[in-house]
Amino acid sequence: MTTDEDLMLACRGGSAEAFEELFGRYRERVWGYFRRRLNDRGRAEELAQEAFVAVLEGASRYERRALFRSYLYGIAFNLLSAERRQRRRRGTEPLDEELAVVPAASADNGLWVKRALGGLDPQDREIVLLREYEQLSYAEIAGVLGLPLNTVRSRLFRARGELRRLLLPEAESRGSHP
């Protein structure tokens with residue numbers, strides 16, 4: 001199987017097939033990244049497409065310094081940051097007030113987790129989402145967010161503790177534990 005990085009180098013050389021393979025591998029993941037952070041499904045789709053356009057447009061400048069998925073999520077993070085800045089300037093609702101989609105065993109549990117995630121500091125929430133939903137390594141998260149590795153570790157530790165604190169009262173009222 002060809003690695004993502006090899007495919008991206010082939011894209012840099014002009015291979016449409018390599019780009020199609022990368023798109024197929026990451027289309028759902030990138031859309032999910034935006035969908036979990038936006039309330040507007042259509043805008044999530046548009047930003048996912050913009051991320052792949054940026055990959056294609058930047059292919060000639062791509063250098064194999066890290067994993068391709070770190071590169072891709074870095075693009076997605078930058079697009080989301082730009083979207084948030086535009087929404088603040090336009091005075092529309094903040095993106096961080098409510099998370100769009102959080103998979104869970106049931107709809108009720110999903111709302112419970114969604115509320116708890118919404119209670120986190122936005123920077124800590126982003127680290128949790130990148131780790132738990134995007135399955136990025138600590139080093140990849142550090143690269144995407146431009147943070148030192150130890151900062152990612154400490155923020156993730158703190159955020160998980162805060163999530164536990166936020167989820168515990170709900171679990172006790174249900175007679176279960178998170």
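The figures follow:
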{"item": "Which numbered condition Trp112 fails, given (1) modelled with pLDDT under 75; (2) out of contact with any Leu (no Cβ under 9 Å at 6 or more places or on another chain)", "result": "(2)"}
{"item": "Members of the range 8-42 found to be among the acidic types (Asp, Glu) and either at pLDDT 95 or above or more than 16 Å from the chain's Cα centre (by Cα) (or both), listed by number", "result": "Glu17, Glu20, Glu21, Glu28"}
{"item": "Matching option when the condition is surrounded by 13 or more Cβ atoms within 10 Å (Cβ to Cβ), closer than 27 Å to Leu163 by Cα and modelled with pLDDT of 90 or more, among Glu126, Glu45", "result": "Glu126"}
{"item": "Qualifying residue in the range 132-139 (condition: of a type in the set (D, E, K, R), crowded, with 16+ Cβ neighbours inside 10 Å and without any contact (Cβ under 8 Å) to a residue 40 or more places away in the chain)", "result": "no"}
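The values are calculated or read from the model by the stated rules, or taken from the named source; none is laboratory data. Worth saying up front: this structure is predicted, and the values here are computed from it rather than measured. Glycine also receives a Cβ, built like all others from the backbone with ideal geometry; neighbour counts cover every protein chain displayed.
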